[in-house]
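S.K.: Pasting a structure below so you can have a look.
The values are calculated or read from the model by the stated rules, or taken from the named source; none is laboratory data. Remember, predicted model here, so these are calculated numbers, not experimental data. In this analysis, Cβ positions are derived from the backbone assuming ideal geometry, glycine residues included, and neighbour counts consider all displayed protein chains. Side chains included, ligands, DNA and RNA excluded: accessible areas come from the protein's heavy atoms. Shrake-Rupley method; radii C 1.70, N 1.55, O 1.52, S 1.80 Å.
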Amino acid sequence: MQLKDMDWKELRGAIVILAVCLSVGISILYLSLYFQERMQRDFNRNDARFRSISQRYLAVDEEEKLINEYYPKFIDLFNHGVIGKEQRLNWIEVLRTATRDIKLPRLSYQIESQKPYTPGYSISPGKFKVYSSNMKLEMSLLHEGDLFNIFAELDEKARGLYSPTICTLSSTGEIMEQRDAANVKASCELQWYTIKLADGTEIKI
Amino acid sequence: MISSLISRFRFTHRRLLFLSAHKAAIYHWNGNDLGSSYLFDVDEEGRAYFERYLNETTKLPTYILTDYFEEEYRQDTVPHVFGSDRQAILLRKKGRLFRDTPYFYSRVIGREEDGRKDDRILMTALTNPDLVRPWVTMLDNYKVPLAGVYSVPLFTESILKHLENPSDHLLIVTLQSLSGLRQTFFQDREFRISRLVQMPRYGTEPYAPYIRDEIEKIRRYLNSMRLITEEDPLEICFLLSGDLLDDLKKHHEDSALVRYEFYNIDELLKSVGSSQTITTPFSDKLFAHQLLKQKPRSYYASSRERRYFTMRTLRYTMIVSGVLLLLGSAVWSGFNLMEGLSYKQRSLIADNKARFYNQRYEMARERLPDIPVEPEDLKVAVELAHRLGDYKTSPLKIVQAVSAVTGRYPDIRLDEFRWTASVDPNLDMSNPGASQAPPAGKIGYSNVSYKDTGYDYYQIAHIKGHLEPFNGDFRKAIDQINAFTEELGNRDGIHDVSILSLPLDVSSNTSLSGNTGSDSREADFSIRVVLGIKHAA
């Protein structure tokens, strides 16, 4: 049958019915799929929340153990400037006191700006990030032992965790016996480590 | 209106228009059997009544069954080709044989066994289209779906399957109330010829003598056409009923050349599933019943004449497709809805449980102090600080080790001590950034393995010194330095000691000059010391 033989009036009703059925069918299918996906999303969210909170509830005893064991250490590290803000003023004060107590002829320092630090060994920082400040010390010493006296003073009194990275000791020539004699010149670089939250949130206790 | 709508969707209802030269009859098919019937004259008045009938009835699919004298049959052969080539050949043959009629039908009935094995075809035509066309036009005007135009002789072939063991040479004799006596001959169950004879009005004269005479005529014709021979007995089947059938039985006995079979069309009609009763010898109802039941493909109607039937099929296809699509999407949507409701229910349960556990968790946490980070992060931070502390180092150990050995060699004076710490024992202190693989054999580099040494990291020192006093005896000075480094290397934790420079470089790949007459007063040297460090257990 050719198109010109078609009596479109005869087909009009059927075409309308087909179009209505098609549009209604697609609409209810789309709406039902939308409803199903939304409910599935809600369920996944609530289920994940339930699993998370139930696990935390079940692990609350374990959390208590962790808090009892590690929170005092955490506070101690925080107070000692290892976690949270670094204590530069304290470092300088300790250096000044040590210079006076040890009677060093001279000690000059220079602290560079703090930078993210990646050690040469492996670490598991979790949500934290390690930063370090490089401190350069130039000293005149009566003898080599004064360098270790300085380190001992820093170990005992300075708030922070440091590690010497480079040290150079050199003899100045003739050895003199006076207490303020500068028989040895020393220069050292110290890395002062600080642990902070990686997202930048300040740790407050 | 409702009944009209219902009748529009009665898919099983249809009707047959039986046409002859003098009469036309309508047979309705109500579901699974013949229903009411109407009779019309083939004249202006009859066609007016028929139009009124069409006007007052629904547009049921209509099958036209004709029984005219003006129907011709030809058998021919055509090359075994397909598609447009066959169409062209058939059109050429139609133009030659049946030029003036559109009601032409052809079909392949077999293939030649010899030669190029042409197709054997049967061609038939209603040679007077004016007999059919007015009725078809009326149906088209009233938008009645015309399913097809058929003819009694061709359709008789569909009756064969209801006969018991029909012979290869079979003559079927039927009487139609509208047209008369129809004799149709089949050879090997293939239609060959058919003949229509007008009969006197039923009841005015006995039919048996007429039928006997007409059978004799067609037998003679079949003989003359060599369609039957003495070796092939002819089977004559009478599809009749009542007294006429009994009368014929009495006067026809089987012989060597002819075998007679008598079928009561009333019983035959019932055997094919009709509840109709036939009291006359006419087989109109049998043909009507079979045609409306079997709904064969149209023989004669053109596609344009069948357009309302095609559109009806298209219309129902679209409606059914639409409804099925709607039902399908409704079912699918139902499943989605049920699944969504199931998720909603489970989501509510999960939410309630989460709230419950959250309350319990908060209650449990009340006895714990407020902490700035999660409990597990406390552990991470503390362990991270310890890890950094583990690698905290000091030059004290290596200074102590060097000092202890230096004390045993009073002539050795240290001038400079450069120190660093690294996990790489091969660190090049002059170039700390690129230190992993110092050149092998080069003086001053340990080039020792730092794997599986058991140390966690290393302290590396470059020491410069000189011998004092020095009297110019280089051999003694070198021996002293060698002894010093050897003793240093034997101390606990010393991983490696190497000499960077000696007071006198006696290796063959350097130039050497001096004055043996004067005592040299300088005996400088430098060494590299690597101390391995282990963390406290």
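S.K.: What share of the DSSP beta bridges in the stretch B:50-170 is antiparallel, in percent to the nearest 5?
M.R.: Beta bridges within the stretch B:50-170, antiparallel portion: roughly 75 percent.
S.K.: Please report the orientation-averaged projected area of the stretch B:355-420, defined via the convex hull of its C-alpha atoms, in nm².
M.R.: Its Cα hull, projected and averaged over all orientations, spans 7.8 nm².
S.K.: Greater than 27 Å separation of Cα atoms is the criterion. Which listed pairs, B:LYS249/B:LYS285; B:LYS94/B:LYS143; B:LYS117/B:LYS293; B:LYS94/B:LYS293; A:LYS136/B:LYS379, meet it?
M.R.: On the way: B:LYS249/B:LYS285 23 Å; B:LYS94/B:LYS143 29 Å; B:LYS117/B:LYS293 36 Å; B:LYS94/B:LYS293 31 Å; A:LYS136/B:LYS379 32 Å.
Among B:LYS249/B:LYS285; B:LYS94/B:LYS143; B:LYS117/B:LYS293; B:LYS94/B:LYS293; A:LYS136/B:LYS379, the Cα-Cα distance tops 27 Å for B:LYS94/B:LYS143; B:LYS117/B:LYS293; B:LYS94/B:LYS293; A:LYS136/B:LYS379.
S.K.: Next question. Counting only residues 5 or more places away or on other chains, whose amide H sits under 5 Å from the amide H of B:PHE262 once H atoms are built in the peptide plane?
M.R.: B:PHE238
S.K.: Does any residue of the stretch A:157-190 lose at least 30 Å² of accessible area with all protein chains in place compared with its chain alone, and if so which ones (probe 1.4 Å)?
M.R.: Buried by 30 Å² or more upon assembly, which counts only protein chains, are A:LEU161, A:SER163, A:PRO164, A:THR165, A:CYS167, A:THR168, A:LEU169, A:SER171.
S.K.: Run the numbers on the stretch A:21-51: which residues show a drop of 40 Å² or more in accessible area, chain on its own versus all protein chains together, using a 1.4 Å probe over heavy atoms?
M.R.: A:CYS21, A:ILE28, A:LEU29, A:SER32, A:PHE35, A:GLN36, A:MET39, A:PHE43, A:ASN46, A:ARG49, A:PHE50
S.K.: For B:ARG14, enumerate residues with amide H under 5 Å from its amide H, sequence gap 5+ or separate chain, H modeled in the peptide plane.
M.R.: B:TRP29, B:GLY31
S.K.: How large, in Å, is chain B by the Kirkwood hydrodynamic radius built from its alpha-carbon pairs?
M.R.: Kirkwood hydrodynamic radius for chain B: 34.9 Å.
S.K.: Explain nothing, just the number: relative contact order of the stretch A:88-197, from Cα pairs under 8 Å at least 6 residues apart, as a whole percent.
M.R.: In percent, rounded to a whole number, it is 34.
S.K.: Across all directions of projection, what mean area in square nanometres is found for the Cα convex hull of the stretch B:198-244?
M.R.: Its Cα hull, projected and averaged over all orientations, spans 4.1 nm².
S.K.: Given a cut-off of under 8 Å on Cα pairs at least six residues apart, what relative contact order in percent is computed for chain A?
M.R.: 22 percent
S.K.: Buried accessible area between A and B (1.4 Å probe, both chains summed, ligands and nucleic acids excluded), in Å² to the nearest 100?
M.R.: On the way: alone 15130 and 31200 Å², together 39240 Å².
The buried area between A and B, both sides summed, comes to about 7100 Å².
S.K.: Let me ask something additional. Rounded to the nearest 500 deg cm²/dmol, what is the calculated helix-only ellipticity per residue at 222 nm for the protein assembly as shown, with -39500 (n - 2.57) per DSSP H run of length n ≥ 4?
M.R.: Working: 17 runs with 295 residues, N = 742.
Helices in the protein assembly as shown give a 222 nm mean residue ellipticity of -13500 deg cm²/dmol.
S.K.: When the dipole is taken about the Cα centre of the stretch A:88-197, and only Lys, Arg (+1) and Asp, Glu (-1) are charged at their Cβ, what size is it in debye, to the nearest 20?
M.R.: My answer is approximately 700 debye.
S.K.: Show me, for the stretch B:39-48, the HN-Hα J-couplings you get by feeding each phi into the Karplus relation (A = 6.51, B = -1.76, C = 1.60, θ = phi - 60°), rounded to Hz, glycine and proline as x.
M.R.: Rounded to whole hertz, the list is 10, 10, 7, 8, 7, 4, 5, x, 5, 5.
S.K.: Follow-up. Using the Kyte-Doolittle scale, find the helices of chain A whose mean hydropathy is at least 0.0 and whose Cα atoms extend 24 Å or more along the helix's long axis, counting only whole DSSP H runs.
M.R.: Flagged H segments are A:8-58.
S.K.: Check A:LEU161: other-chain or 5+ apart residues with amide H under 5 Å from its amide H, H built from backbone geometry?
M.R.: It is A:TYR193, by chain and number.
S.K.: Give me the percent of accessible area attributable to carbon and sulfur for chain B, probe 1.4 angstrom.
M.R.: Details: 13400 of 27670 Å².
So the carbon and sulfur contribution to the accessible surface is 48 percent.
S.K.: Let me ask something else about it. Which of A:ILE28, A:ILE111, A:ILE123 moves most in a GNM of chain A, Cα contacts under 10 Å?
M.R.: Most flexible of the set in this elastic network: A:ILE28.
S.K.: What base-10 log of the normalised intensity I(q)/I(0) is obtained for the stretch A:11-79 from the Debye formula, alpha carbons as equal point scatterers, at q = 0.20, 0.23, 0.27 Å⁻¹?
M.R.: At q = 0.20, 0.23, 0.27 Å⁻¹ the computed log10 ratios are -0.88, -0.95, -1.04.
S.K.: Mind listing the phi-derived Karplus ³J(HN,Hα) values for the stretch A:181-188, rounded to whole Hz, using 6.51, -1.76 and 1.60 with θ = phi - 60°, and x for any glycine or proline?
M.R.: For the stretch A:181-188, the Karplus curve yields 6, 9, 7, 10, 9, 9, 10, 9 Hz.
S.K.: Hey, how much of the P(r) for the stretch A:88-197 falls beyond 20 Å, as a percent of Cα pairs?
M.R.: The answer is 44 percent, as a whole percent.
S.K.: With the other protein chains left in place, how much accessible area per residue, in square angstrom, belongs to the stretch A:11-79 at a 1.4 angstrom probe?
M.R.: Accessible area per residue: 62 Å².
S.K.: Over the stretch A:88-197, give the accessible area per residue in Å² for a 1.4 Å probe, as an integer.
M.R.: Numbers: 5440 Å² over 110 residues.
Ligands and nucleic acids excluded, the figure is 49 Å² per residue.
S.K.: Given all pairs of different Cα atoms, what value in angstroms does the Kirkwood hydrodynamic radius of the protein assembly as shown take?
M.R.: Numbers: mean 1/r = 0.0258 Å⁻¹.
The Cα-based Kirkwood calculation yields 38.7 Å.
S.K.: Here's a follow-up. Can you tell me which of B:397-405, B:524-532, B:282-290 comes out highest on packing, and rank the rest after it, using the mean Cβ neighbours within 10 Å?
M.R.: The packing order, highest mean first, is B:282-290, B:524-532, B:397-405.
S.K.: Please give the per residue accessible area of chain B, computed with a probe of 1.4 Å over protein heavy atoms only, in Å².
M.R.: 52 Å²
S.K.: Then there is this: In whole Hz, what ³J(HN,Hα) sequence does the stretch B:137-153 give by Karplus (6.51, -1.76, 1.60; θ = phi - 60°), x for Gly and Pro?
M.R.: Whole-Hz 3J(HN,Hα) from phi for the stretch B:137-153: 4, 4, 4, 5, 4, 8, 6, 7, x, 8, 6, x, 10, 10, 9, 4, x.
S.K.: For B:PHE262 and B:ASN32, FRET efficiency with R0 = 25 Å and r from the beta-carbon atoms, rounded to 0.05?
M.R.: It comes out at approximately 0.35.
S.K.: Quick one: what do you get for the stretch B:311-418 if you divide its Cα Rg by 2.2 N^0.38 Å?
M.R.: After normalising by residue count via 2.2 N^0.38 Å, the value is 2.99.
S.K.: No other cysteine beta carbon under 4.7 Å away is the test; run it over the protein assembly as shown and list who passes.
M.R.: Those would be A:CYS21, B:CYS237, since no other cysteine Cβ in the protein assembly as shown comes under 4.7 Å of theirs.
S.K.: Let me ask something additional. Report the full-extension gain for the segment B:GLU383 to B:GLU468: residue separation times 0.36 nm, less the Cα-Cα distance, to one decimal in nm.
M.R.: The span from B:GLU383 to B:GLU468 would gain 25.6 nm if fully extended.
S.K.: State to the nearest 20 debye the size of the charge dipole of the protein assembly as shown about its Cα centre, where the only charges are +1 on K and R beta carbons and -1 on D and E beta carbons.
M.R.: In debye, rounded to 20, the protein assembly as shown gives about 2520.
S.K.: Below 8 Å, C-alpha to C-alpha, sequence gap of six or more: please give me the relative contact order for chain B in percent. Please report the intermediate quantities before stating the final value.
M.R.: Values: 783 pairs, mean separation 53.7, N = 537.
This gives 10 percent for chain B.
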